[in-house]
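Notes for the one structure printed next.
Since every read-out is calculated from the coordinates, none of them should be taken as a lab result. Because the structure is a prediction, the values reported are computed rather than measured. Cβ coordinates were reconstructed from backbone atoms using ideal geometry, including for glycine residues, and neighbour counts include every protein chain displayed.
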Amino acid sequence: MSENRGTKSERKVWEDIAERDPYLGTSGPTRAIPRAGLLAKSDDSLFKVINPGAFVLDVGCGYGRNCIPLARLHGCHIVACDISSAMSSNVKEEGIPIILSDLRKLPFRSGAFDYLICSVVLIHLPRRDTATAITELRRVGRQVLIIMPNPLGPASYFGLLPVFAALLVWVKGQRGFSILRDVPTLRGYLVNYYLPWRFTKLLKHQFSAVTLRSASGGNPSPYLSDRVLYVCTGTSQTVVRDRGMKIHESPCPHSPT
């Protein structure tokens, strides 16, 4: 796959983290030390949504927190995808097929998988790229399961963590003060926080149906959970209408004379 400069930069950030950080960039409820065999718990709600034996693509699989249990315990046919070979070495060792790719340009045909998982990945994309990435996820997965941290949840101290992180970056002079948008971290990657209702609105531009669940499965309300699972199906009328306009506006080929 051809790479632009931004992709190379992002790949290098995650490769460096994989080589230098024993936690592989994880923190909070998903903190893990994969090389020591200490893995964080998978997102339990995925086991309730995904049918056993389904064909699943895990985009931004990392060390395999979700795809390895789904393959072992749920009998799913998994293909994993990540931007970093070092970050995803655990998955390769497990024998799961893995593709190195940028999620904004996935090398799969449309509707190739029953389910597509994208867990705690979009939060690290520049905000300007989020809509493009969601379009690509919708193209490849027949049902798209996006998990995002909830900035108002307990693990974020009910909204205090984003404020503290932005303040720390501002004090260190890395950029101006911003709470939710494109906040750089000390590890080198970006963080974009999305309030659940705002992210739902963004998804509804692409999908005809979006339902919210607690990703951990423990809390009955997704708005009170640490991570939110967005179950996305169908194509929105906005996308259908835009497609129709493009087809209508495209010039017809001239008949030979």
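Among the listed pairs K92/K201; K41/K92; K12/K201, which are separated by more than 28 Å between their Cα atoms?
Details: K92/K201 36 Å; K41/K92 19 Å; K12/K201 32 Å.
Table pairs above 28 Å Cα-Cα are K92/K201; K12/K201.
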Fewest-first sequence of V231, V121, V49 by Cβ atoms within 10 Å of each Cβ
V49, V231, V121
Please report the equivalent ellipsoid semi-axes of region 4-149, computed as sqrt(5 x eigenvalue) of the Cα gyration tensor, largest first, in whole Å.
21, 20, 14
Of I98, I17, how do they rank once you tally other Cβ atoms within 10 Å and put the fewest first?
I17, I98
At S110 and K12, where each label point lies 7 Å from the Cα along Cα→Cβ, what is the point-to-point distance in nanometres?
3.7
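Taking neighbour Cβ counts within 10 Å as the exposure measure, how do S101, S119 sort from fewest upward? Each step should come with its number before you reach the end.
On the way: S101 17, S119 25.
Ascending Cβ contact count within 10 Å gives the list S101, S119.
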